[in-house]
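Written below as structure tokens is the structure these notes are about.
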Amino acid sequence: MEQYHVAVLKKEILDLVNPQKDESYLDLTAGYGGHASMVMQITTNYQSSFLIDRDPTAFEYLKQKYKDRAVHLMNLDFLSASQQLQNQQKKFDIILADLGMSSQHINDPKRGFSFLSNSSLDMRMDSNQELNAFKVVNNYSQQSLQKILKDYGEEPKAVLIASLIIKNRPIYSTHDLALICQKAWPGYHKIHPATRTFQAIRIEVNDELNQLQLSLPIWFELLNSAGRLAIITFHSLEDRIVKRFFKEIAGPYLDSQATLINKKPVIVNQQELVNNPRSRSAKLRVVLKK
Ligand SMILES: C[S@@+](CC[C@H](N)C(=O)[O-])C[C@H]1O[C@@H](n2cnc3c(N)ncnc32)[C@H](O)[C@@H]1O
């Protein structure tokens, strides 16, 4: 189980979300069920719990893991799943979104998420969707690539990298794309020169920021009164969207609809950082619906 994904900030989620027996639970990014099992062990209300993941590998794993439980599983992107649940007028006491990739995505070279192993350019979380990294890298205009690298990667050399991509087409592998980034950033750098480009293309392929932006109001609507919405982000672009939305709903007014459980995002402690270096950029924000 642990080789697929190690769930982050588990203790902090328990402290801030404070699950209670019989509460209903919606996990929008259930992955390999680390958080879900932890929460549902306390709530024990499997029949009122829904676990979502767009990744077919994660979904098959969840199906197996919970085959003896009455929990509902959905293999969908969380925006579509949330819209369906909204149409069915479902409500939940606890909603969790632990955004981004699982370790399985990074560790399996065939998925094409990592520049550390060589594979074809893929990066799809939902391996059945049409758009993949190959299409973005080889079909998008120079201007679109530039914009993606700038907006989704905050890449200072977006213009240069986009032009190198165009010049070196067709680009087939993660290795070749990483080499282009290295050309743009010669010499030694604290972070690998391909980090921002890979993040940008992954966000575009999976439409990550739009999914989040459009889902947030639905998630809040799906909460029962006294329900808690917990979100873990892994980069500043996501965190900014969540922070802004939480600020909007939990404004300093008597009639605001929510209360921030933590004013500052919670980050991992030293011990977790040592045990699971991938947790280093995780930030947890929790809001309570009045
Ligand atoms: C960080 S992992 C979650 C791990 C999980 N909390 C656990 O304990 O195993 C993120 C998961 O969310 C899924 N995911 C990311 N964006 C999604 C989206 N828009 N809709 C549905 N699933 C998504 C990914 O496929 C991945 O399995």
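The values are calculated or read from the model by the stated rules, or taken from the named source; none is laboratory data. Just so you know, these numbers come straight off a predicted model, no measurement behind them. With ideal geometry, Cβ positions are generated from the backbone for all residues, glycine too; neighbour counts draw on all protein chains shown.
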Output yes when any residue across region 94-108 is under 22 Å from L288 (Cα atoms), more than 15 Å from the chain's Cα centre (by Cα) and crowded, with 23+ Cβ neighbours inside 10 Å, and no when none is. yes
When region 2-27 is checked residue by residue, the ones that are among the charged types (D, E, K, R) and within 14 Å of the ligand (Cβ to nearest atom) are E2, K10, K11, E12, D27
Have a look at V268, V242 and point out the one that is modelled with pLDDT of 95 or more, aliphatic (A, V, I, L, M), outside any strand (DSSP E or B) and touching a Lys or Arg at 6+ places or on another chain (Cβ under 6 Å). V242
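Would you point out which residue out of T174, T259 is away from the ligand (no atom under 16 Å from the Cβ) and in the same structural domain as V136 (by TED's automatic domain parsing)? Let's see the steps before the verdict.
Values: T259 fails: in the same structural domain as V136 (by TED's automatic domain parsing).
Matching residue, one of T174, T259: T174.
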Consider region 177-217. How many of its residues are surrounded by 15 or more Cβ atoms within 10 Å (Cβ to Cβ), of a type in the set (A, V, I, L, M, F, W, C) and within 17 Å of the chain's Cα centre (by Cα)? 8
Which members of region 33-42 meet the condition of being surrounded by 15 or more Cβ atoms within 10 Å (Cβ to Cβ) and either more than 12 Å from the ligand (Cβ to nearest atom) or aromatic (F, W, Y) (or both)? I42
Of the residues that sit in region 17-32 and are part of a loop (DSSP other than H, G, I, E, B) and of a type in the set (S, T, Y), which one is surrounded by the fewest Cβ atoms within 10 Å (Cβ to Cβ)? S24
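Matching residues to (1) under 13 Å from the mean Cα position of the chain (by Cα); (2) farther than 14 Å from P217 by Cα; (3) surrounded by 15 or more Cβ atoms within 10 Å (Cβ to Cβ):
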| position | (1), (2), (3) |
| --- | --- |
| I232 | yes, yes, yes |
| E238 | yes, yes, yes |
| K243 | no, no, yes |
| E248 | no, no, no |
| G251 | no, yes, no |
| L254 | no, yes, no |
| L260 | no, yes, yes |
| N275 | no, yes, no |
| V286 | no, yes, yes |
Which is out of contact with any Ser or Thr (no Cβ under 9 Å at 6 or more places or on another chain) and within 13 Å of the ligand (Cβ to nearest atom), of A30, A97? A30
Starting from region 265-280, keep only residues that are in contact (Cβ under 8 Å) with a residue 12 or more places away in the chain, then list their pairs with residues that are among the hydroxyl-bearing types (S, T, Y) whose Cβ atoms are within a distance under 6 Å, requiring at least 6 positions of separation or different chains. V268/S279; E272/S279
